[in-house]
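First up is the structure itself, then whatever we jot down about it.
The values are calculated or read from the model by the stated rules, or taken from the named source; none is laboratory data. This one's a predicted model, so the numbers in the text were calculated from it and none came from an experiment. Heads up, the Cβs are rebuilt from the backbone with ideal geometry, glycines too, and the neighbour counts pull from every protein chain shown. For accessibility, only protein heavy atoms count, side chains too; no ligands or nucleic acids. Shrake-Rupley method; radii C 1.70, N 1.55, O 1.52, S 1.80 Å.
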Amino acid sequence: MSVFTLIFAAWTALAAPSSPLAEHLQALVPAPAGWESAQRDALLAAWGADPETCLRAWEEAPSPTRAGFPRFASPAMRAPALRPLIVERLRAGGEDEATRAALAELLARSGPELEPALLGLIAEEQGPMVRRMLVSHLRWAEAEVCAQGLPLALGDADPGVRAEAAYVVGHRSDGARFAPSVVPLLSDAEPAVRAGAARALGWIAYAPAFDGLSALLVDPEPEVRLRSLRALERVDAARAAALPQLGALARDPDPRVARAAARLQAR
Amino acid sequence: MRPHFALLITLAACHQSVDEGVLDALPEALIGVPNLDDDDGDGNRDAWQDDLLDDDDLSSLALPAELVEGVNKRTALNLTLSGSGIRVYHGGAVVMDDETATWRFPPDQEGEAELLVEFTDYHQTGSLTLELLKLKDDSALGSRTVALGSAPFQMNHHLQAAEHLYVMQLNGWDMSNASMIAGLTEVVGEDNLTVIPSGGYQQDVWIQDELEFGHLVGMDTEMNMVLDSIRCSNGDCLDDVPEDYLQGPGTALDTYGRKLYTNSLDSFGNLECSPPVTVDGVSYPFGRIYFGGSPSYHPAEELFGVLVDQRVQAPLQPDSTWLCVGHVDEYMAFLPDPASPKGFRFAITDVDAAYAFLEGLDPESALPKYTSTHGYATVGELLDDQALRALNEDAQADYVDPTVALFKAELGLEESDIIRLPLLFEDAGPWCDHTAIALMPGLVNLAVWNPEGGGTHLLIPDPFFRSDLADQSTDPLIAAFDALMPAGSETHYLDDWDVYHEMMGEVHCGTNIRRAPAGDWWTEAAHLMEVE
């Protein structure tokens, strides 16, 4: 079935031509290029398969989680078949950033077919929280897709997005491949980024980061000191236990840091 | 050192006068409840009103006929009230309060008389002195001082008998909690269950977080007390549920903290109470309150201050800020266990137990429920995820182990009291700055249903840690969990996956249980009333 047939099928199937989704589909007629073209095809295929569900998903609102942020918990919204429609809601814009971030969250484990769209969305997205959520999905992406997406995130103006890039690397089983790009984040101006980078490098036990992590043991932020201590223990516990900074850290005003240092000293 | 209440009683008894035959009939102390409910249903707290319409929450001081009839042209009975916020009624009218400390009992009455004492706040102390005088020369014929005291707020703990369970009902697109409610109904029974439609409350299902049940207990009165949290305001989410479903005669509400300045730690899944404990020789017969937080991120200080002021359940604060939601119910619970030395066991998550459990399984075991929402298709994938292991090891070392140490020190727990649960947390992602959230449904985040004489039923989230989702008997995590639960407890695994687990809560978070009162604080906890 050609794209134009699908578009025709979509138009003729629209029960309510004035619905927001119908208007949006009609705007897609001039065929876009690149990933957007594939996205258009996927969207129309989804529409052709189940227009009623698509209409419902286009309007569905998230609910607050117990932590207070919005999330789409309905299994129907999480269905892989609806992912093109979720991408389209993000592209269409017009919704508040929290809702858009909740939509972005739905794209987890999008699959290879949607990964180009993921990269496109990261590049185009204006909302920092939405970008952060989109970047987080790189942890499940194919290595080459991750390799393309990470530079966008590592250089992002928003510290939350930069920290997210570090976590992506920490979560990946092939994290060592990307770890060199995370090491510079250990000297980021934002404590949350330094802490995230230290944590991620510790998770993958990235040995070349030892010196950079050691330097953070005197960081003014206790969270950074704690995460660095933990990371050093994972990278090289014996070498970490011999670090001269441990004595002072065992008396750290933050009890978590003091406990971690004392435990490391006692190894 | 302020004299504690038992000492007040003793001092009052020493004031008996020559006319002890009459005055001895009076009690040494009168302990009541603060009149915080709304018996007449006019929307105002009874303690704010001077009338006694439909009110049954005052403490009665009966004056014997011999005393009443002895008050005449020659003999007066003067009463003196001390203590603020206390009112004394006679014949339906206020005769003594903060502004009127003395009152002369009317002469020439017949038969017994009754004074009603009304307390207006927790933990008030005062006294009522009755003095018989010879009018001819104002000489004293005798006096008696009755110590007055009002109840502190006592939070419920899991050893108190369960009376009624509340749950919200949700029907959304392709998701509902009908299965969980059916399971609750089967265990609890329809008569003991209130199902509240969430449609009028913005689909909010977190009733554990909205309110906390407790009691006010006096010598001849008692009242259910509900703390209404500040998590919802201005009628949002569950804000009105306590008023709509609970407030009424015999049940009072109170709120502490400013609703404009809330965080997740102000929710009452983060407010729990241990069973009775003895610590370094000090007995806490009603347990100790605990809530999570840290010096820089904590619940409203106003509530903390109120709980400290109650003195009977001295609060402590483990650090729960490593969790995205941040509630103590996410990683620990107290379980009734009549066969154990303390009558309970303390269950807490444990990363070593979790990995020991996983390593005992076939790594190829499929986990279909975890594939789409958590990204793990098999047990082997869980075991191979080094970031997951690191996150859990850090949480254990930095927060869970210190919690255990704190509870050992402050609740007198010993290792044999502790059940280590094989549960893991996962990275909660960008919304939560990569703090933790239950990966396997938080089985510890359970509700204890233990009605009087009805045994102990543990209402637990179904972990779906199996390939055949319809067959709980094939679930190795359920088998492991059952083996750890106190003997005699009956476990019930309820499907809370979509509505609760995926939204960062579990069965405990979605239910709330009213319990029977715990006991006489003025005798059992008199030693805790001392204040430095």
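Quick check on segment A:157-164. Is at least one of its residues farther than 20 Å from A:ALA147 by Cα and of a type in the set (Asp, Glu)?
No, segment A:157-164 has no match at all.
Right, A:ARG227: within 12 Å of chain B (Cβ to nearest Cβ), open to solvent by 20 Å² or more (accessible area, probe 1.4 Å), more than 19 Å from the chain's Cα centre (by Cα) and among the charged types (D, E, K, R) or not?
yes
Return the residue satisfying two criteria in turn: it lies in segment B:86-117 and is touching a helix residue (DSSP H, G or I) at 6+ places or on another chain (Cβ under 7 Å) and of a type outside the set (Gly, Ala, Ser), and of such residues it is surrounded by the fewest Cβ atoms within 10 Å (Cβ to Cβ).
B:GLU110
Could you grab me the full set of residues in segment B:30-44 that are among the small types (Gly, Ala, Ser) and open to solvent by 10 Å² or more (accessible area, probe 1.4 Å)?
Hits for segment B:30-44 are B:GLY41, B:GLY43.
Would you point out the residue of segment A:91-106, among those that are of a type in the set (Gly, Ala, Ser) and within 12 Å of A:MET129 (Cβ to Cβ), that is nearest to the chain's Cα centre (by Cα)?
Looking at the filtered set, the residue picked out is A:ALA104.
One line per residue, one yes/no per condition, for (1) among the acidic types (Asp, Glu); (2) within 11 Å of another protein chain (Cβ to nearest Cβ); (3) more than 26 Å from A:LEU103 (Cα to Cα); (4) open to solvent by 10 Å² or more (accessible area, probe 1.4 Å):
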| site | (1), (2), (3), (4) |
| --- | --- |
| B:PHE407 | no, no, yes, no |
| B:GLY412 | no, no, yes, yes |
| B:SER416 | no, no, yes, yes |
| B:ARG420 | no, no, yes, yes |
| B:ASP427 | yes, yes, no, yes |
| B:ASN445 | no, yes, yes, no |
| B:TRP449 | no, no, yes, no |
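Within segment A:170-177, identify whether any single residue is open to solvent by 10 Å² or more (accessible area, probe 1.4 Å), outside any loop (DSSP other than H, G, I, E, B), under 30 Å from B:LEU406 (Cβ atoms) and within 11 Å of chain B (Cβ to nearest Cβ), and answer yes or no.
no
What is the one condition in (1) part of a loop (DSSP other than H, G, I, E, B); (2) within 12 Å of chain A (Cβ to nearest Cβ) that B:SER340 does not satisfy?
(2)
Hey, could you check segment B:152-174 for residues that are within 14 Å of another protein chain (Cβ to nearest Cβ) and in a strand (DSSP E or B) and say which is most open to solvent (accessible area, probe 1.4 Å)?
Out of the qualifying residues, it is B:ASN171.
Of all residues in segment A:63-89, how many are more than 12 Å from every other protein chain (Cβ to nearest Cβ), open to solvent by less than 10 Å² (accessible area, probe 1.4 Å) and either hydrophobic (A, V, I, L, M, F, W, C) or in contact (Cβ under 8 Å) with a residue 40 or more places away in the chain (or both)?
Total meeting the criteria: 4.
Residues that are open to solvent by less than 20 Å² (accessible area, probe 1.4 Å), of a type in the set (Asp, Glu) and either at pLDDT below 95 or assigned by TED's automatic domain parsing to the domain that holds B:PHE286 (or both): does segment B:373-384 have at least one?
no
B:GLY505 is checked against (1) away from chain A (no Cβ under 14 Å); (2) out of contact with any helix residue (DSSP H, G or I) (no Cβ under 7 Å at 6 or more places or on another chain); (3) under 30 Å from B:GLY250 (Cβ atoms) and fails just one. What number does that condition carry?
(1) is the only condition that B:GLY505 fails.
Is there a residue in segment B:233-249 that is open to solvent by 20 Å² or more (accessible area, probe 1.4 Å), assigned to a strand (DSSP E or B) and either within 26 Å of B:ILE289 (Cα to Cα) or modelled with pLDDT of 95 or more (or both)?
no
Please work out which one of (1) away from chain A (no Cβ under 14 Å); (2) surrounded by 22 or more Cβ atoms within 10 Å (Cβ to Cβ); (3) farther than 18 Å from B:LEU265 by Cα; (4) out of contact with any Lys or Arg (no Cβ under 9 Å at 6 or more places or on another chain) is the condition B:MET219 fails and give its number.
That leaves (2) as the condition not met.
So which residues in segment B:442-464 are more than 19 Å from B:GLN396 (Cβ to Cβ) and in a loop (DSSP other than H, G, I, E, B), if there are any at all?
If the condition is that a residue be more than 19 Å from B:GLN396 (Cβ to Cβ) and in a loop (DSSP other than H, G, I, E, B), then B:LEU446, B:ASN450, B:PRO451, B:GLU452, B:GLY453, B:GLY454, B:GLY455, B:THR456, B:ASP462, B:PRO463, B:PHE464 are the ones that fit.
Within segment A:113-147, how many residues turn out to be more than 24 Å from A:GLU95 (Cα to Cα), buried (at least 18 other Cβ atoms within 10 Å of the Cβ) and more than 12 Å from the chain's Cα centre (by Cα)?
1
Residue by residue, here is whether (1) surrounded by 20 or more Cβ atoms within 10 Å (Cβ to Cβ); (2) in contact with a helix residue (DSSP H, G or I) (Cβ under 8 Å, 6 or more places away or on another chain); (3) on the phi > 0 side of the Ramachandran plot holds:
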site	(1), (2), (3)
B:THR278	no, no, no
B:VAL282	no, yes, no
B:GLY305	no, no, no
B:ASP319	yes, yes, no
B:MET332	yes, yes, no
B:LEU335	yes, no, no
B:ALA339	no, no, no
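Give the number of residues within segment B:118-151 that are buried (at least 22 other Cβ atoms within 10 Å of the Cβ) and either within 20 Å of B:ASP24 (Cα to Cα) or touching a Lys or Arg at 6+ places or on another chain (Cβ under 6 Å) (or both).
Residues flagged as buried (at least 22 other Cβ atoms within 10 Å of the Cβ) and either within 20 Å of B:ASP24 (Cα to Cα) or touching a Lys or Arg at 6+ places or on another chain (Cβ under 6 Å) (or both) within segment B:118-151 amount to 10.
Is it true that B:LEU246 is assigned by TED's automatic domain parsing to the domain that holds B:CYS432 and out of contact with any Asp or Glu (no Cβ under 7 Å at 6 or more places or on another chain)?
yes
Residues being closer than 30 Å to B:MET175 by Cα and part of a loop (DSSP other than H, G, I, E, B): count how many of those fall in segment B:203-222.
Of the residues in segment B:203-222, 4 are closer than 30 Å to B:MET175 by Cα and part of a loop (DSSP other than H, G, I, E, B).
Those residues that are closer than 14 Å to A:GLU60 by Cβ and either outside any loop (DSSP other than H, G, I, E, B) or in contact (Cβ under 8 Å) with a residue 24 or more places away in the chain (or both), I need them from segment A:93-113; list them, please.
Matches in segment A:93-113: A:THR99, A:ARG100, A:ALA102, A:LEU103, A:GLU105, A:LEU106.
Just to be sure before I move on: is B:SER150 farther than 20 Å from B:ASP462 by Cα and either touching a Phe, Trp or Tyr at 6+ places or on another chain (Cβ under 6 Å) or of a type in the set (A, V, I, L, M) (or both) in the structure I sent?
yes
Please indicate, with yes or no, whether at least one residue in segment A:234-251 is within 28 Å of the chain's Cα centre (by Cα) and within 11 Å of another protein chain (Cβ to nearest Cβ).
Looking for residues that are within 28 Å of the chain's Cα centre (by Cα) and within 11 Å of another protein chain (Cβ to nearest Cβ), one finds at least one in segment A:234-251, hence yes.
Name every residue in segment B:296-332 that is at pLDDT below 95, closer than 16 Å to B:SER264 by Cα and part of a helix (DSSP H, G or I), in order of residue number.
Across segment B:296-332, the qualifying residues are B:GLU301, B:GLU302, B:LEU303, B:PHE304.
I'd like the full set of residues that are hydroxyl-bearing (Ser, Thr, Tyr) and either touching a His at 6+ places or on another chain (Cβ under 6 Å) or closer than 14 Å to B:VAL444 by Cβ (or both), limited to segment B:320-356.
If the condition is that a residue be hydroxyl-bearing (Ser, Thr, Tyr) and either touching a His at 6+ places or on another chain (Cβ under 6 Å) or closer than 14 Å to B:VAL444 by Cβ (or both), then B:SER320, B:TYR331, B:THR349 are the ones that fit.
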